[in-house]
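The values are calculated or read from the model by the stated rules, or taken from the named source; none is laboratory data. Everything quoted here is computed from the prediction, not taken from an experiment. Cβ placement follows ideal geometry from the backbone for every residue including glycine, while neighbour counts extend to all protein chains displayed.
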Amino acid sequence: MYVSLANEDESSATKLYLSNPGTTGFPESEITYHPLDPLTSSEIRLATFIIKAINGTSQWIYKSITLKEPPKAELLQSFLKNDDISVGAAGKVDRKAWVLLVDPQTYDSYEIVLNLNKITLESWKPSKKGAKPPIITSEDVVLAGDIALTNPDIARRIKATGYNLSQVVCDTWESGYVADNPNYATSKHLLQVYFYGAEFSGDNIYAHPLDFVAYVDTVTKTVRGIESLPVQNGSGKDQHIGNSIPRTSVNYFPYLRPPQTSSKMSVLHPIKITQPNGPSFDLHGHQLTWQNFVMRIGNNEREGVVLYHVKYNDNGNVRPLLYRMSLSEILVTYGDPTPPYHRKQSFDMGEFRLGFSSSDLAANNLCPGNAQYLDMVYHNERGESHRIENAICIYEEDSGVLWTHKDWTQGETATARSQRLSISFLATVGHSDYWISWRFYQDATIELKVKLTGVRNTNLMGSEVKAPAYGNIMSPQVFTSINQYFFAARIDADIDGVTNTVSVEDIVAMEDDLGSSTNPYGNGITTRETILETFANARTNVSPQKSRTWKIFNPTKKHPLTKGPTAWKLVPNGNYVPLLMKKNSPLRENTLWTDYNLWVTPHIDDQLYASGLWMDNDGLADWAKENLTAGVVQTDVVLYHTFGITNVPAVENWPVSSDKQETTGFILKPNFFFTENPAVNVPMSNKSTLDES
């Protein structure tokens with residue numbers, strides 16, 4: 001239970017720590033990190049130590065222990081002036097942790113802020129009324145599976161499929177929309193569990209979907225409901241009768257593939273990527289410098305990689321570009337309208353956490369041989385830290401021709417090849433694998449590329465029937481529905497300073513009539529720019545017919561040639577099919593951030609997630625509703641860019657999807673920011689690879 005905290009409790013915690021510093025494993029040398037660096041293992045241990053010293057009477061569930069970022073105002077001048085800032089002995093800005101605790105008996109939650117330099121509690125407050133922590137931990141997944149598999153009714157149903165309990169794998173999801181079921185809606189923490197068979201260890205479970213789902217309450221440790229799943233035969237009648245579970249294995253690991261398959265590939269000769277002289281970038285701790293770019297690489301358990309303080313060294317003038325940039329949310333929806341599949345809706349960032357779901361990239365050979373790595377450090381429900389080694393890889397790669405031109409008057413060709421910097425990580429959430437790369441180019445372009453691979457999520461299909469219109473068959477009796485992925489990127493832009501404005505720029509035909517003095521032959525083309533002035537009208541969508549882009553500019557900084565403002569452009573580069581759910585569907589409640597491809601908001605500390613911290617009417621659409629008249633002109637602005645992938649599955653997506661089929665992202669590029677193309681200074685190429693041997 002929550003206990004009121006008096007000053008003497010805080011003092012006791014501090015005294016206890018100072019008298020036993022070794023118990024936390026927090027050496028004094030680690031108190032010199034930058035305020036935006038991710039928490040270290042010892043800082044996580046220190047956070048749990050402080051909480052236990054103050055209130056050790058409860059067996060808290062540590063849902064989140066993450067960096068509490070300083071208010072932007074505290075670091076802004078350091079960023080704008082290119083003056084690095086430190087902590088600890090320098091004492092400028094303290095390191096802080098934000099902790100989300102849950103009482104396992106009541107599932108009530110509390111938000112705590114701890115000062116890790118002063119070893120004190122700054123705040124401890126109950127979470128907002130009615131809020132349920134959206135985070136699904138590894139312990140939640142294991143617990144839900146254990147509760148389900150020890151339920152006698154579930155055991156009987158599994159036996160009826162022909163599988164033993166030891167052959168069944170549980171796939172755990174958040175409960176989804178449960179307002180239509182009072183029994184589910186009253187649960188403090190409800191998870192839905194789907195079941196799949198495995199013919200042997202390592203077998204692709206998605207080839208063997210079972211025909212029911214369970215709803216598990218992890219607080220009362222009970223099964224609140226078991227529902228039969230509709231077998232996909234399109235009839236709507238007797239869908240659960242006379243169908244067996246598909247037992248044919250369809251695998252992707254080479255050693256599990258049958259010896260003879262169609263379109264068998266020959267072994268290719270390897271391509272070796274080396275940099276004998278080492279990388280061209282400098283990585284000192286979390287600060288990275290490459291080809292005039294300067295930035296800090298952070299990370300947290302929810303967003304994964306976060307880029308801070310991105311700047312560009314323009315002939316000795318270090319110019320600010322982006323204060324903070326990251327992915328903000330991922331929504332996955334499925335187009336199967338038959339209940340209870342309407343509850344299959346996942347927020348893969350807010351619920352399962354991209355950083356927490358990351359992988360060791362070096363161990364799995366996911367990055368080229370010239371890569372360097374950063375670790376990620378997170379924790380379990382007991383507050384014990386664990387390290388994901390090599391979770392972020394940083395590498396340069398050849399990305400083709402940067403620019404070329406043959407001077408036809410001389411017959412001479414000039415060519416510069418592109419050497420690209422990538423900052424990448426892989427997050428696996430259930431059946432989906434997200435390869436997320438922040439890319440930087442020598443012409444100063446910045447790109448986010450999201451590659452979606454992994455395995456299709458599957459349902460049972462009736463034997464010898466045609467797949468319904470909302471999906472396709474993958475293998476006999478294995479069905480997968482049309483689905484949509486939506487991504488929101490948060491871009492805290494400070495182009496040449498904090499005073500920024502955003503506009504829409506469309507390419508249009510000149511309106512002047514044919515035969516007019518200004519457009520005599522009717523071939524005139526121009527641009528039309530619209531300033532986004534308030535939160536209300538700063539919600540816009542893509543327009544491919546107009547080649548729409550968005551311009552972020554600083555009205556107070558003038559370009560020496562045009563005398564107009566210096567700017568950067570946001571260029572859409574993804575799949576922009578809108579969310580195809582009905583506008584009045586109750587399932588849309590937490591998905592309203594997908595309604596627009598670009599939102600511009602005034603900067604407010606702690607507004608970080610498009611779906612909100614709690615994903616409970618506290619996100620982007622709610623901020624807009626509360627601040628429709630808020631100005632976004634010549635101020636500190638934040639952009640949320642939404643984009644996605646809509647997939648109509650085919651057997652070529654089975655048993656795995658290739659990333660070339662599922663790729664999305666966006667581009668940021670300078671627009672009258674420089675006086676010429678920065679890439680003109682890239683040395684001419686005389687070799688086509690990175691190998692200089």
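If V142 satisfies every condition in (1) touching a residue at least 40 places away in the same chain (Cβ under 8 Å); (2) part of a helix (DSSP H, G or I); (3) β-branched (V, I, T) but one, which is the exception?
Condition (1) is where V142 drops out.
I need the full set of residues from the range 59-108 which are at pLDDT below 95 and among the polar types (S, T, N, Q), in order please.
Result: Q59, Q77, S78, N82, S86, Q105, T106.
Select from the range 140-177 the residues that are surrounded by fewer than 14 Cβ atoms within 10 Å (Cβ to Cβ) and either in the same structural domain as E589 (by TED's automatic domain parsing) or among the polar types (S, T, N, Q) (or both) and list them in ascending order.
T150, N164, S166
Here are A148, A198, A155: which of them is in contact with a His (Cβ under 8 Å, 6 or more places away or on another chain) and among the aliphatic types (A, V, I, L, M)?
Details: A148 fails: in contact with a His (Cβ under 8 Å, 6 or more places away or on another chain); A155 fails: in contact with a His (Cβ under 8 Å, 6 or more places away or on another chain).
So the residue among A148, A198, A155 that is in contact with a His (Cβ under 8 Å, 6 or more places away or on another chain) and among the aliphatic types (A, V, I, L, M) is A198.
Kindly indicate which of P276, P320 is outside any loop (DSSP other than H, G, I, E, B), touching an Asp or Glu at 6+ places or on another chain (Cβ under 6 Å) and more than 27 Å from Y434 (Cα to Cα). Steps first, please.
Values: P276 fails: outside any loop (DSSP other than H, G, I, E, B).
Result: P320 is the single residue among P276, P320 that is outside any loop (DSSP other than H, G, I, E, B), touching an Asp or Glu at 6+ places or on another chain (Cβ under 6 Å) and more than 27 Å from Y434 (Cα to Cα).
Residue by residue, here is whether (1) closer than 20 Å to L452 by Cβ; (2) surrounded by fewer than 22 Cβ atoms within 10 Å (Cβ to Cβ) holds:
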| site | (1), (2) |
| --- | --- |
| M349 | yes, no |
| D360 | no, yes |
| N364 | yes, yes |
| G369 | no, yes |
| D375 | no, yes |
| I388 | no, yes |
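Listed here are the residues, each with its yes/no results for (1) farther than 30 Å from K72 by Cβ; (2) free of Cβ contacts under 8 Å to residues at least 40 places away in the same chain; (3) of a type outside the set (V, I, T).
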{"position": "I491", "(1), (2), (3)": "no, no, no"}
{"position": "T499", "(1), (2), (3)": "no, no, no"}
{"position": "N537", "(1), (2), (3)": "no, yes, yes"}
{"position": "K557", "(1), (2), (3)": "no, no, yes"}
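Return the residues of the range 592-632 that are among the β-branched types (V, I, T) and surrounded by fewer than 24 Cβ atoms within 10 Å (Cβ to Cβ); say none if nothing qualifies.
Taking the range 592-632 and keeping what is among the β-branched types (V, I, T), we get 594, 600-601, 604, 629, 632.
Residues satisfying the conditions are T601, I604, T629.
Output the number of residues of the range 178-204 satisfying the condition of being outside any strand (DSSP E or B), crowded, with 21+ Cβ neighbours inside 10 Å and aliphatic (A, V, I, L, M).
Number satisfying all stated conditions: 0.
Restricting to the range 310-328, count the residues that are under 19 Å from the mean Cα position of the chain (by Cα) and at positive phi.
Selection size over the range 310-328: 0.
If a residue must be surrounded by fewer than 21 Cβ atoms within 10 Å (Cβ to Cβ) and either over 15 Å from S432 (Cβ atoms) or not assigned by TED's automatic domain parsing to the domain that holds A488 (or both), how many such residues does the range 640-655 contain?
Going through the range 640-655 one residue at a time, the tally reaches 4.
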